[in-house]
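Let me begin by presenting the structure, written as structure tokens, before commenting on it.
We did not get these values from a lab; they are worked out from the coordinates using the rules stated. This one's a predicted model, so the numbers in the text were calculated from it and none came from an experiment. As a convention, Cβ positions derive from the backbone with ideal geometry for all residues, glycine included, and neighbour counts pool all protein chains shown.
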Amino acid sequence: MPELEPIPERLLRRATELFAGKGFDATSVQDIVDAAELTKGAFYYYFSSKDDLLYRIHERVVSYESEHAERIVARGMPPLETLRALIIDGVESIGLFREEVTVTLREMHRLQPDYYAKITEIRGRYQNYIETIIRQGQDSAVFRKDIPARMATLALLGMCNWMYTWFRPDGPLSPEEIGEAFAALVLQGLRVNAS
């Protein structure tokens, strides 16, 4: 007999699908419980509100990315290899959490102020890992200094994050292959004397 999906996970999954498909504002708690084949009582036992669900979706994605980035940086590899690994891992996480990323990028402005502050802090940590590695590469003359590290970081994140609009799991390239291609583009542009 297959193991039943835990109720909180089922609610999160259905909410993610609905928020990604029709938007946060257009989705009601009733829509979520109907899709999960549960009652509002079950919903409110695990979540305080629809806003709480939206926060949990954001938190799942940004915490995953930040924790992975921390582990990659902790390996102590040279900046070029570290940045390459960060890019590939970031793209793979977008492939893994495609619907969640759709929600986080389209609906972040819907987060309540306290939730928004928490997510912004975690996102900031993730962005800082990337920016710090780029600065280290610049300080060690591996990366060009004429491109500000912050600009390079934001450009990299923009390129990767936009993938949520066009990536399809059944498409011709896997997330790893896309990550490799993105890493090649970014590193070619940042490297000193790249040819």
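General remarks:
- For segment 9-105, the ratio of Cα radius of gyration to the globular rule of thumb 2.2 N^0.38 Å stands at 1.31.
- Simple rule: put +1 on each Lys or Arg Cβ and -1 on each Asp or Glu Cβ in segment 50-190, find the dipole, and look at 143, 184, 57; the Cα lying farthest toward the positive end is 143.
- Size of electric dipole in segment 120-195: Cβ of Lys, Arg +1 and of Asp, Glu -1, about Cα centre, debye, nearest 20: 300
- Cα convex hull volume per residue for the chain (Å³): 141
- Inter-part distance, segment 127-195 to segment 33-86, computed on C-alpha centroids, equals 22 Å.
- Alpha-carbon spread of segment 66-166, three principal axes, descending order, Å: 42, 26, 25
- Alpha-carbon Rg with Dmax, taken over segment 58-100, Å: 10.8, 33
- Comparing 98, 168, 75 in a Gaussian network model of the chain, where Cα atoms under 10 Å apart are tied by springs, the biggest mean-square fluctuation is seen for 75.
- The dipole here belongs to segment 50-190: it is taken about the Cα centre, uses +1 on the Cβ of Lys and Arg and -1 on the Cβ of Asp and Glu, and is about 320 debye.
- A crude spin-label estimate for the pair residue 7 and residue 114, with each label 7 Å from Cα along the Cβ direction, gives 2.4 nm.
- Overall size of segment 1-47 from C-alpha positions, given as principal axis extents largest first: 36, 20, 15 Å.
- The helix-based estimate of mean residue ellipticity at 222 nm for the chain, built from -39,500 (n - 2.57) per DSSP H run of four or more residues and divided by its residue count, is -23500 deg cm²/dmol to the nearest 500.
- Comparing 45, 126, 164 in a Gaussian network model of the chain (Cα springs below 10 Å), the most mobile by mean-square fluctuation is 45.
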